[in-house]
Amino acid sequence: MKQRSPWQRTHTCGELTLANKDQEVVLNGWIENKREHGKLVFIDLRDRYGITQLAVDADTAGMAAGTFDTMLRLGAEDVISVRGRVRPRGEGNVNKNRVTGEIELCVLSVTVLSEAETPPFEVLDKAEANEELRMQYRYLDLRRRPLQEALMKRARFVTAVRNFLQQQRFIDVETPILTKSTPEGARDYLVPSRVHPGKFFALPQSPQIFKQLCMVAGLDRYYQIARCFRDEDLRADRQPEFTQIDLEMSFVEEHDVLDVVEAMYVHAMKEGFGIDVPQPFPRFDFFEAMDKYGCDKPDLRFGMLLQDCTELAKKSDFKVFAGAVAAGGIVKGICAEGAAEKFSRKGIDELTAFVTQLGAKGLAWAKVTAAGVEGSIAKFYEGDKGKELIAHMGAKPGDLLLFVADQKRVVHKALGDLRLKVGGILGLRDPKVFRCCWVLNFPMFEWNEDKHRWQFAHNPFSAPVDWDIQDFGVDTENIRSRAYDFVMNGWELGSGSIRIHRTELQARVFEFLGISKEHQRANFGFLLDAYKYGGPPHGGIALGVDRIVTLALGREGIRDVIAFPKTAMAFDLMAAAPGEVSSEQMKELSIRTAVEPPKPPAQ
């Protein structure tokens, strides 16, 4: 039996209760704060599991010599081991916000394990230091309970995902981190090879090709909690390296993948965060989602769906509406229930400015009253026309109607974003409510205005709805793919598809995208070759762990749920990475940089 050192803890700082009364125990942890009252000192001792109050009384019988003086000189973030006796707190001193709040530890002896310098900021649950300083000293920031709670719940969530998928006969397969660059995606992070001078590995943007090869290999059900890397511009919901739940299944159709993912997600949200996500998840066709919500990431926590008013506009004397329709556009509106009195004219002007920034020419509006409508379009919708408009919008007195007239793309973008903005102002986007859905059958291609060519909408491996399509250049914008997105609360959390598993079809897609046969062979030859030896029908998905945890915990952005994140400029303030390397290292790797090295400091 192993010998325990006298300083090692017998309990954590989060587990002692009245059931431990009169027991002699040892605790280890960091000093959070200290309160001196003459010969009596109270200290809050913290570890990952909680806080226990220490009571240090100079007159305590049996206290080791020098203990009281040692405790007096200790400060915040010192690491100590204390031996003491558990006793109930005095009358009226119970802390109901702590598991340990009914007891305190009467200290008998102390061992100082590590003394701390004064930290650059106070380690408080509510962060008061600026984010850059906290990221520079992330190891201190991570002592804060909100961050530790996020990491612990994240771990529980991921464990629940693993357990579920293993029960569903999925195999956890680790795919390569050093792989081949695929320039048709986002920018790669490149790694120079020392043993192959002038050649480079790339860090994987996803395990996409390798998981498809797992299906060709007959592994049937693959999953991985995968680290991925993309050198792209950052936002609050992006990092240069991120984690995704990656899975793939053979001999499946869309509903097979969606059913498994839905069940896995509901299970893991409950196990990881204690959140019950309502089922079943609605499933929208892409064009249905665009038609109802103006976007392919519907927020289902509230209604306010887009209503098509194009036919009514054709009969209107309102030239803005009639002119948009005559130009091949549409007119759509939303009804903000009970919002007529919540938006002043100034507030509506602000909404107008918002949609014009999104490309709309303006915003038409009306407040519904018992007598009809009043507002910018009121004189064009008097009497029966007004009643018809109100009925068409499903409105009642007190509601606010907002309209945009333009080309379909502009209308959907403007009204879709306006719907979210108004929903937020009205308090309809409750962060503690969770509503999920699927969006299916995305367009297979989208037009890139900058490059003046078609590009894939999801990825070049997504199968078309029509397997027998011969010419992707005919009616391209209406060709549908078997791609699908998983959406929660207006955030896209995952993307996947049924894949192309036939060499000839995959080659034709590459060719349509402008990838020459030479480039196909150079970048994807091993995948095309694999399909020649029997590729099964297969499909899968990847879900972003960082985004899921951020939403589930109601945090500001994904940096709040990642242990060691990078800044918006993809820089690690703590480790000062990326950094320069020596000329010897560069020479070993047979590379040089076009950036001038910094001049050495003057002697």
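Plugging the Kirkwood radius over Cα pairs into Stokes-Einstein for segment 279-368, at a temperature of 4 °C and a viscosity of 1.567 mPa s, what D comes out in µm²/s? For these conditions, the coefficient is 86 µm²/s. Tally Lys and Arg at +1 and Asp and Glu at -1 over the other residues with C-beta under 15 Å from the C-beta of THR503: what net charge comes out? Value of the local net charge: +3.
Among the GluC sites (Glu not before Pro) in segment 253-327, those located in a DSSP loop and surrounded by at most 14 other Cβ atoms within 10 Å of their own Cβ are GLU253. For the set VAL355, VAL79, the ranking by accessible area, highest first and with no ligand, DNA or RNA atoms included, is VAL79, VAL355 under a 1.4 Å probe. Please give the net charge around ASN163, taking every other residue with its beta carbon less than 14 angstrom from that of ASN163, where Lys and Arg add +1 and Asp and Glu add -1. So the environment of ASN163 carries a net charge of +2. Note on segment 326-365: percent of Cα-Cα distances in each 10 Å bin, starting at 0 and stopping at the bin with the largest distance, equals 24, 52, 20, 4. Using the 1.4 Å probe convention, the accessible area of segment 18-114 works out to 48 Å² per residue with neighbouring protein chains retained. Measuring only protein heavy atoms, the 1.4 Å probe finds GLU132 accessible over about 120 Å². An oblate overall shape is assigned to segment 447-596, the ratio a/c of its alpha-carbon gyration tensor axes (a ≥ b ≥ c) being 1.5 or greater and a/b not exceeding b/c.
Shown are TRP454, TRP365, whose ranking by accessible area with a 1.4 Å probe and every protein chain present, most to least, is TRP454, TRP365.
Here segment 365-444 is treated as a Stokes sphere of Kirkwood radius computed over C-alpha pairs; at 4 °C and 1.567 mPa s its diffusion coefficient rounds to 86 µm²/s. Nearest 10 degrees, 0 to 90: what angle lies between the long axis of helix 345-357 and the longest principal axis of the chain (Cα atoms)? Long axis of 345-357 versus the principal axis of the chain: about 80 degrees.
The alpha-carbon atoms of segment 272-332 define a convex hull whose volume equals 113 cubic angstrom per residue.
Treating the angle as unsigned and between 0 and 90°, give the value, to the nearest 10°, between the Cα long axis of helix 254-273 and the longest Cα principal axis of the chain. The helix 254-273 is inclined about 30 degrees to the chain. Pairs of alpha-carbon atoms within less than 8 angstrom and 6+ residues apart define the contacts here; what relative contact order does the chain have, in percent? With pairs under 8 Å counted, the relative contact order is 13 percent.
Taking the 1.4 Å solvent-accessible surface of the chain as the whole, the part contributed by carbon and sulfur is 51%. D by Stokes-Einstein for the chain, Kirkwood Rh over Cα pairs, 20 °C, 1.002 mPa s: 74 µm²/s. Where the alpha-carbon atoms of segment 529-597 are placed on the principal axes, they occupy 51, 47, 17 Å, in descending order. Among TYR265, TYR137, the sequence by solvent-accessible area, most first, with a 1.4 Å probe is TYR137, TYR265. Relative to the 2.2 N^0.38 Å rule of thumb, segment 409-473 has a C-alpha radius of gyration ratio of 1.62.
Direction-averaged projected area, Cα convex hull, segment 503-569: 8.0 nm², rounded to one decimal.
In the distance distribution for segment 191-234, Cα-Cα pairs more than 18 Å apart total 49 percent. To the nearest 10 degrees, how steeply does helix 517-531 sit against the main Cα axis of the chain, on a 0 to 90 scale? So the helix axis and the longest Cα principal axis differ by about 70 degrees.
If the label point is 7 Å along Cα→Cβ of HIS392, which residues in segment 350-378 have backbone nitrogen under 20 Å from it? Inside the label zone: 361-378.
Rounded to two decimals, the Cα radius of gyration of segment 123-274 over 2.2 N^0.38 Å is 1.27. The value obtained for segment 98-158, namely the Cα convex hull volume divided by the number of residues, is 155 Å³ per residue. Helix content alone sets the calculated 222 nm mean residue ellipticity of the chain: runs of n ≥ 4 DSSP H residues at -39500 (n - 2.57) each, divided across all residues, give -8500 deg cm²/dmol. Under the criterion of Cα pairs below 8 Å and six or more residues apart, the relative contact order for segment 18-114 equals 34 percent.
From most to least packed by mean Cβ count within 10 Å, the peptides 573-581, 172-180 give 172-180, 573-581.
Over all other residues within a Cβ to Cβ distance under 9 Å of ARG89, the charged ones net out to -2, with Lys and Arg as +1 and Asp and Glu as -1.
Here the convex hull built on the C-alpha positions of segment 302-425 has a volume of 89 cubic angstrom per residue.
Orientation-averaged projection of segment 18-114 equals 6.0 nm² [convex hull of Cα atoms, one quarter of hull surface area].
The values are calculated or read from the model by the stated rules, or taken from the named source; none is laboratory data. Just so you know, these numbers come straight off a predicted model, no measurement behind them. Because the Cβ atoms are built from the backbone with ideal geometry, glycine has one as well, and the counts that use them run over all protein chains shown. Areas reflect the complete protein model, heavy atoms only, side chains present, ligands, DNA and RNA absent. Shrake-Rupley method; radii C 1.70, N 1.55, O 1.52, S 1.80 Å.
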